[in-house]
Structure formats: structure tokens, C-alpha cells
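Below is one structure, written out as C-alpha cells, with a few remarks after it.
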Amino acid sequence: VDCSDFKDPQVYCTRESDPQCGSDGHTYGNKCTFCKAVMKSGGKITLKHQGQC
């Protein structure tokens, strides 16, 4: 997943629904919230698959 559009911590995530399942077992609401979690984890979280976990 390319998270380069979301590197700026000032980027606000919309409530658009496009579920992303992270390697941490958490379902993120969309690519933006997933990428924010990836940044916060220091890159430890990866995309398991698209859709609900």
C-alpha cells in the first residue's frame, strides 16, 4: 500500500468506508486511517488484505 499521500501528520482522514485489514488484526475504516496507523507503528503494521478482518 502506498502511504506517501498520508505522511503529513496534518492530513485529515475522511469517513469514507473502504475497510483495510491490518496485520495487527484491526480493521481500519479506509486507506487514510490504515496509513496513519502504519506511520504511528513505525511501519510494523502491514496490509493483510482489503476488507474486514
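The values are calculated or read from the model by the stated rules, or taken from the named source; none is laboratory data. This one's a predicted model, so the numbers in the text were calculated from it and none came from an experiment. Please note: Cβ atoms are built from the backbone with ideal geometry, for glycine as well, and neighbour counts cover all protein chains shown. These accessible areas exclude ligands, DNA and RNA; they are computed on the full protein's heavy atoms, side chains included. Shrake-Rupley method; radii C 1.70, N 1.55, O 1.52, S 1.80 Å.
The single condition among (1) in contact with a Leu (Cβ under 7 Å, 6 or more places away or on another chain); (2) touching a residue at least 40 places away in the same chain (Cβ under 8 Å) that LEU47 does not satisfy is (1).
Is it true that some residue in the stretch 36-52 is touching a helix residue (DSSP H, G or I) at 6+ places or on another chain (Cβ under 8 Å), assigned to a loop (DSSP other than H, G, I, E, B) and open to solvent by less than 70 Å² (accessible area, probe 1.4 Å)? Scanning the stretch 36-52 turns up at least one residue that is touching a helix residue (DSSP H, G or I) at 6+ places or on another chain (Cβ under 8 Å), assigned to a loop (DSSP other than H, G, I, E, B) and open to solvent by less than 70 Å² (accessible area, probe 1.4 Å).
Within the stretch 13-22, can one find any residue that is among the acidic types (Asp, Glu) and under 11 Å from the mean Cα position of the chain (by Cα)? For the stretch 13-22, residues among the acidic types (Asp, Glu) and under 11 Å from the mean Cα position of the chain (by Cα): present.
Report whether or not ASP24 is among the acidic types (Asp, Glu), surrounded by fewer than 16 Cβ atoms within 10 Å (Cβ to Cβ) and in contact (Cβ under 8 Å) with a residue 12 or more places away in the chain. In short, yes. Of all residues in the stretch 11-34, those satisfying the criterion of being at pLDDT 95 or above and either among the hydroxyl-bearing types (Ser, Thr, Tyr) or not in a loop (DSSP other than H, G, I, E, B) (or both) are SER17, GLN20, CYS21, GLY22, SER23, THR27, TYR28, LYS31, CYS32, THR33, PHE34.
Which numbered condition in (1) assigned to a helix (DSSP H, G or I); (2) without any contact (Cβ under 8 Å) to a residue 24 or more places away in the chain is the only one that ASP8 fails? Here ASP8 clears every test but (1).
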